[in-house]
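Novice: One structure follows; several queries about it will come next.
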Amino acid sequence: MRATTFEERLQQWNRLREICSTLPLDECLLNINQWWFQTAWCPYHLHWDDLRDWPDPWQLLSDNIYCDVARGLGIMYTVTMLDRADLQDSRLVEEDQRNLVLINKRKYILNYSHDDILNTYLDSGKIRRELTQQQLKQKLK
């Protein structure tokens with residue numbers, strides 16, 4: 001994602017969702033994960049304490065600032081807006097020092113590494129906070 005303007009980022013994100021709507025699930029999730037890992041990373045931007053004030057997907061793309069939480073939120077927005085039957089239980093979780101997107105009862109774990117969608121995460125700790133897909137859908141209304 002080398003887009004320099006909001007319009008370019010929005011076009012690329014729309015294209016990503018178009019492509020992923022028909023791909024097999026594992027390819028879809030890998031594409032989404034890799035796309036969001038190409039964003040401009042910064043160490044801190046969003047915080048779980050400010051969950052109610054987190055940006056909608058268009059503001060997220062406009063701000064163009066992506067910490068681990070913001071990148072996870074972008075992944076969640078993308079998965080949610082695909083509205084695929086096989087992606088209906090996604091959750092963004094804060095687990096120890098990581099912000100992970102869990103899909104299909106942890107069968108897929110995104111926002112961990114650029115080139116992988118994990119199906120095993122051995123360092124799994126206690127989930128401290130989470131944002132479910134159903135909660136996110138309320139924000140999109």
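Coordinate-derived values only; no laboratory data. In this text the structure is predicted, and so the values were computed from the model without any measurement. Cβ sites come from the backbone with ideal geometry, for glycine too, and all protein chains shown count toward neighbours.
Novice: Does at least one position in the range 6-14 carry a residue that is closer than 28 Å to Q97 by Cα and of a type in the set (A, V, I, L, M, F, W, C)?
Specialist: Yes; the residues of the range 6-14 include at least one that is closer than 28 Å to Q97 by Cα and of a type in the set (A, V, I, L, M, F, W, C).
Novice: Restricting attention to the range 78-97, which residues are without any contact (Cβ under 8 Å) to a residue 60 or more places away in the chain and either small (G, A, S) or within 11 Å of L136 (Cα to Cα) (or both)?
Specialist: Once the filter is applied, which keeps residues that are without any contact (Cβ under 8 Å) to a residue 60 or more places away in the chain and either small (G, A, S) or within 11 Å of L136 (Cα to Cα) (or both), the range 78-97 yields V79, A85, S90, R91, L92.
Novice: Of the residues that sit in the range 67-100 and are in contact with a Phe, Trp or Tyr (Cβ under 8 Å, 6 or more places away or on another chain) and part of a strand (DSSP E or B), which one is nearest to E130 (Cα to Cα)?
Specialist: So, considering only residues that are in contact with a Phe, Trp or Tyr (Cβ under 8 Å, 6 or more places away or on another chain) and part of a strand (DSSP E or B), the one nearest to E130 (Cα to Cα) is E94.
Novice: Here's a follow-up. Pick from L46, L51: which is touching a residue at least 24 places away in the same chain (Cβ under 8 Å), assigned to a loop (DSSP other than H, G, I, E, B) and either farther than 16 Å from W13 by Cβ or touching a strand residue (DSSP E or B) at 6+ places or on another chain (Cβ under 9 Å) (or both)?
Specialist: Matching residue, one of L46, L51: L46.
Novice: Report every pair of residues separated by at least 6 positions or lying on different chains whose Cβ atoms are under 6 Å apart, first residue within the range 8-36 and part of a helix (DSSP H, G or I), second exposed (fewer than 15 other Cβ atoms within 10 Å of the Cβ) and not small (G, A, S).
Specialist: Here the result reads L25/D86, each pair linking the range 8-36 to a residue that is exposed (fewer than 15 other Cβ atoms within 10 Å of the Cβ) and not small (G, A, S).
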